[in-house]
Amino acid sequence: MIKYRLKCNNCDKLFDSWFSSSSEFEKLKSKNILDCHFCNSKDIKKTLMAPNILNLKQKKENEFKNKKNLKIQKKILEFQNFIRDNFENVGDDFAYKARSLHYNSKTNTKGIYGNATKKQISELKDEGIETQIFPWIENKKN
Ligand SMILES: [Zn+2]
């Protein structure tokens with residue numbers, strides 16, 4: 001269904017009308033079935049589509065986007081919980097700790113996670129220490 005705002009050329013009044021498709025309007029008009037709700041003139045023209053149709057479409061797109069974002073956010077949070085449970089948070093000491101783990105090669109240590117700058121990460125990479133970067137959402141409750 002499409003809602004069009006129609007305008008009467010005779011009395012200049014606007015009114016909304018529903019059509020099953022855009023071609024239905026043309027069909028009805030060519031058969032002289034459309035008339036003004038106020039003066040019954042057949043001299044009707046189509047104006048821009050009623051704005052609420054456009055808004056509805058926009059709203060749906062936004063809802064879809066928000067749902068998608070929530071899904072991604074949920075995945076990240078699940079991953080963060082996994083990291084928290086299985087890795088040691090070393091905070092800003094990440095680069096230092098990553099090196100000591102790498103060079104001491106203890107077998108039974110927990111993995112680590114923490115903060116590192118882009119420079120530190122590329123330095124670690126140069127030394128053959130692979131790191132994983134992933135988005136982190138700060139949980140205000142903690
Ligand atoms: Zn009219």
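Derivation of every value follows stated rules applied to the coordinates shown; laboratory data play no part. Treat the numbers as computed from the prediction; the structure is a model and nothing was measured. All Cβ positions, glycine included, derive from the backbone under ideal geometry; neighbour counts span all protein chains shown.
Just so you know, the Rg over Rh for the range 69-126 is 1.05, from Cα atoms, with Rh as the Kirkwood radius. Model label points for D93 and K42, set 7 angstrom from Cα along the Cα-to-Cβ axis, are 8.9 nm apart.
Based on DSSP H segments of at least four residues, each scored -39500 (n - 2.57), the chain has a per-residue ellipticity at 222 nm of -15000 deg cm²/dmol. Set the bar at 21 Å for Cα to Cα. Now go through K74/K119; K3/K42; K71/K125; K67/K118 and name every pair that lies beyond it. Correct reply: K74/K119; K71/K125; K67/K118. All other residues whose Cβ lies under 14 angstrom from that of K75 are scored, Lys and Arg at +1 and Asp and Glu at -1, for a net of +3. The mean of 1/r over all pairs of different alpha-carbon atoms in the chain, once inverted, gives a Kirkwood hydrodynamic radius of 21.1 Å. For the range 2-49, the Cα gyration tensor yields ellipsoid semi-axes of 16, 12, 8 Å (square root of five times each eigenvalue, largest first, whole Å).
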